[in-house]
1. Within region B:198-209, is there a residue that is surrounded by fewer than 22 Cβ atoms within 10 Å (Cβ to Cβ), over 14 Å from the mean Cα position of the chain (by Cα) and not charged (D, E, K, R)?
2. Take region A:183-201 and flag every residue that is acidic (Asp, Glu) and surrounded by 13 or more Cβ atoms within 10 Å (Cβ to Cβ).
3. Restricting to strands (runs of 3 or more DSSP E) lying wholly in region B:264-358: which have 2 or more residues that are touching a helix residue (DSSP H, G or I) at 6+ places or on another chain (Cβ under 7 Å)?
4. Looking at region B:314-327, which of the residues that are hydroxyl-bearing (Ser, Thr, Tyr) and more than 10 Å from chain A (Cβ to nearest Cβ) is nearest to the chain's Cα centre (by Cα)?
5. Output the residues belonging to region A:191-217 that are touching a helix residue (DSSP H, G or I) at 6+ places or on another chain (Cβ under 8 Å) and within 11 Å of residue A:78 (Cβ to Cβ).
6. Checking residue B:276 against (1) in the same structural domain as residue B:335 (by TED's automatic domain parsing); (2) more than 16 Å from residue B:335 (Cα to Cα); (3) in contact with a Leu (Cβ under 8 Å, 6 or more places away or on another chain), only one condition comes out false. Which one?
7. Take the residues in region A:43-70 that are on the phi > 0 side of the Ramachandran plot and surrounded by 13 or more Cβ atoms within 10 Å (Cβ to Cβ); name whichever of them is modelled with the highest pLDDT.
8. Quick one: would you say residue B:190 is surrounded by fewer than 23 Cβ atoms within 10 Å (Cβ to Cβ) and either of a type in the set (Lys, Arg) or in contact with a Pro (Cβ under 7 Å, 6 or more places away or on another chain) (or both)?
Amino acid sequence: MPFPRLKLAAAALTTSIACSTAMLAPPSARLIEPEMIELQAGQVTYPPAGDFMRAGKPVKAPLKTTHFARGLQIMKHQVTQAEYWKCVEDRRCPSVVLPGPASADQPIVGVSWRDAEAYAVWYSGKAGKHYRLPTDEEWAFAAGSHFRDEGWPDIDDSDPARRWLARYESEFADEPTDKTPRTVGSFGANENGLLDIAGNVWEWTDTCLARVGIRDSGEQMVQTTNCGVRVVEGRHRTYVTDFIRDARSGGCAVGKPPTNLGFRLVRGD
Amino acid sequence: MTSLTKAMITRRTAIIGAASATLVTPMPVAAHDLALERENVEPVAPPFVHPHEQATKQKPKIIAFRMETQEKETVIDDEGTKLQAMCFNGSIPGPMMVVHEGDYLELTLVNPATNSTPHNIDFHAATGGLGGGTLTLISPGEQVVLRWKATRPGVFVYHCAPGGLMTPWHVVSGMSGAVMVLPRDGLKDGDGKPLHYDRIYYIGENDFYVPRDEKGKFKSYGSPGEAYADTVKVMQTLTPTHVVFNGRAGALTGKAALTANVGDTVLIVHSQANRDSRPHLIGGHGDYVWETGKFSNRPETDLETWLIRGGSAGAALYTFRQPGIYAYLTHNLIEAVLLGATAHFKIEGKWDDDLMMQVKPPGPIAALSK
């Protein structure tokens, strides 16, 4: 079997994404492989995604350090409309409604986690290498100084409203961003050379929403995991149901949702 | 020509005729006929309201306002959809004007020469003359002064009503606002006990009908006139493309969220000049609600959702008891979320565990004990 790891990844999916044909198709000679950034071995210290609780009260996630002994290969730019459209033409990705006139050199937006996953499976088959969505910590590692979590300050946890207010302030702290997708590179590069991190397109990760309890000893216990909701990263971190393409209609009554949903892929191990 | 068309034209000619008469022989401003004190009030853009007494010991006065009609392109959602708006004093909704029962409201209405169409104003609170509409129709480059006596306490809509199809078109282009006529001795509950507010917010709701192109994208136009024919077609569907508070989706959220503190009593005045709405404060209530907006009636108490009838304003008094973020929306949730009719209240203060607490945090489902 040419791509055993991909098969494992696909088998783990709960969604019914057809992938076997794409996997067996010979790599297309015409396929343009997007530029990859090769991050050297390193580490990231960051507050992981999820709902953390201590003694039954929500708390900010304790910082966690993860080592990337073998570095990380990640797409320099978000998957573009032109790239995604090849998958649509191959009938492996659903056609999506673009917010404006089609433009090949703009990131694809308005895609759900399921769409992004379908693209990863299709693209892996075409390229003959395993590509997948990054985990949340891989995204944080690659985003570097552009990484921002939910921005919840440590506050008096006996008063739940203070947390809600802090979150609201944090989400609206940014000046409003124009929602119109821009040409790749318009939001500049971070110190790792990745383009458009935390621009106006949020990116799907593969990380599921987890609820984590912290014991007095500091030991963490994952209590429940919900893979129907995935972590989305961008100007702030958020959690979006996997079939949502436009997060503006997938949010709660209060708070600011991502302006656009897109993605980039990493090389599988 | 049908008799209806004939009637419309006849009426329109009459109205234009009246406007011309005003132009030729300017009516004397009659305010000096009244030996009353005058007070000039600067209108304030919503959601805020100009300073005013809640109850007054003063004698009735002439409260004078000046407003310009304005035609301008305005953005009505986060996607940048543009509306060829028409509005009073530059804001959607127009400013809320507050007087007391027995006062005289005097309005100088200005139609700047830069505008393209006639405008007027119909005050639902006023008596006679189509609410003032027949006496205020002015062409670009004109102004008019109208005075009317505030005889009925309550919150009332005002809107532009130039006649025929022009009226709904001007209204759904943004030309409406509200007047509040307070009882001289202030608001009262059903037992006659005085009610006060620490803050007042005026929320004007609009339904907009923006035409789309053949690909389904919202169209933009160079002027109200160019937008007119397409807009009327969308209006005829009775299905708005936008239902928003204060002129655009998100106008009262984020940094523009309405603010108050725990313990503050807030009067929320809500107007809708064209279409029914059902305000609801998520996590709060209407302690005292004048659903139909008229203060001589007993306010209803402890409401969850109330109805603002199209063409009316209502008022809800609420004392915030818990801090946090509240959504104030129309409880047609599709309109609130997809079409834009959501505002936020940001309330600071101390949480009250007695009113609500999470007894057990979310976690795995526990086995039932036998």
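1. The answer is no, given that none of the residues of region B:198-209 is surrounded by fewer than 22 Cβ atoms within 10 Å (Cβ to Cβ), over 14 Å from the mean Cα position of the chain (by Cα) and not charged (D, E, K, R).
2. The answer is A:196, and nothing else.
3. B:324-330, B:342-348
4. Here the answer is B:318.
5. Matches in region A:191-217: A:194, A:197, A:202, A:203, A:204.
6. (2)
7. The qualifying residue modelled with the highest pLDDT is A:50.
8. yes
The values are calculated or read from the model by the stated rules, or taken from the named source; none is laboratory data. All figures in this text were calculated on a predicted structure; none of them were measured in a lab. Positions of Cβ are generated from backbone atoms using ideal geometry, with glycine treated the same way; all protein chains shown enter the neighbour counts.
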